[in-house]
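Presented below is the structure to which this report refers.
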Amino acid sequence: MKVVYTDAALRDLDDITIWLTAHYPGLGAAVERRLRIVVAHIARWPDSMRPSAHRSGVRVALLGRFPYKIFYRVSGEAVEILHIHHAAREPWDEERQ
């Protein structure tokens, strides 16, 4: 299945890259690798991740050992990445997306 990123998700990726570069410069490549693996899994098996408790049609994927969550939905023949959220931050208000 095709994967598309919303503008918000792309901003999230930029923010994550900036933060990791400033605080953990050696970790960025590992986070990116894990993100690609999880997104590839989502693309292949989009219904395999748990549904969001707050919004119908949105699913949540964890990044394993890294404290990030990927929020996405299946839209036609594509997976739409909505938001990539760090678990230590305030909860994402899924209702605004």
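Only the coordinates and a few stated rules stand behind these numbers; no lab work does. All of these numbers come straight from a predicted model, not from anything done at the bench. Note that we place each Cβ from the backbone using ideal geometry, even for glycine, and neighbour counts take in every protein chain shown.
Rounded to the nearest 0.05, what FRET efficiency do residue 86 and residue 2 give with R0 = 25 Å and r taken as the Cβ-Cβ distance? Could you check?
Values: r = 26 Å, r/R0 = 1.04.
For R0 = 25 Å, the calculated efficiency reads 0.45.
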Problem set entry | In sequence order, calculated HN-Hα J values of the stretch 71-85 (Karplus, 6.51, -1.76, 1.60; Hz; x Gly/Pro) | 9, 8, 9, 8, 10, x, 9, 10, 9, 9, 7, 8, 6, 10, 10
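Given the Cα-Cα distance of residue 19 and residue 47 and 0.36 nm per residue of separation, how much length would full extension add, in nm? Each step should come with its number before you reach the end.
On the way: separation 28, 0.36 × 28 = 10.08 nm, distance 3.06 nm.
Gain on extension, residue 19 to residue 47, equals 7.0 nm.
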For this session: Just subtract the alpha-carbon distance of residue 74 and residue 11 from 0.36 nm times their residue separation and send over the number in nm, one decimal.
Result: 20.7 nm
Seminar exercise, completed: Out of 41, 22, 74 - ranked by how far each Cα lies towards the positive end of the dipole of the stretch 1-90, with unit charges on the beta-carbon of charged residues - the top one is 41
Exercise. Which of these values of Rg/Rh (Cα atoms, Kirkwood Rh) was calculated from the structure shown: (i) 0.95; (ii) 1.18; (iii) 0.99?
Worked result: (i)
Seminar exercise, completed: Of 50-61, 18-29, 77-88, ordering from highest average Cβ density within 10 Å down gives 77-88, 50-61, 18-29
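Calculate the FRET efficiency for residue 32 and residue 56 from the Cβ-Cβ distance with a Förster distance of 25 Å, rounded to the nearest 0.05.
Numbers: r = 30 Å, r/R0 = 1.22.
After rounding, the FRET efficiency stands at 0.25.
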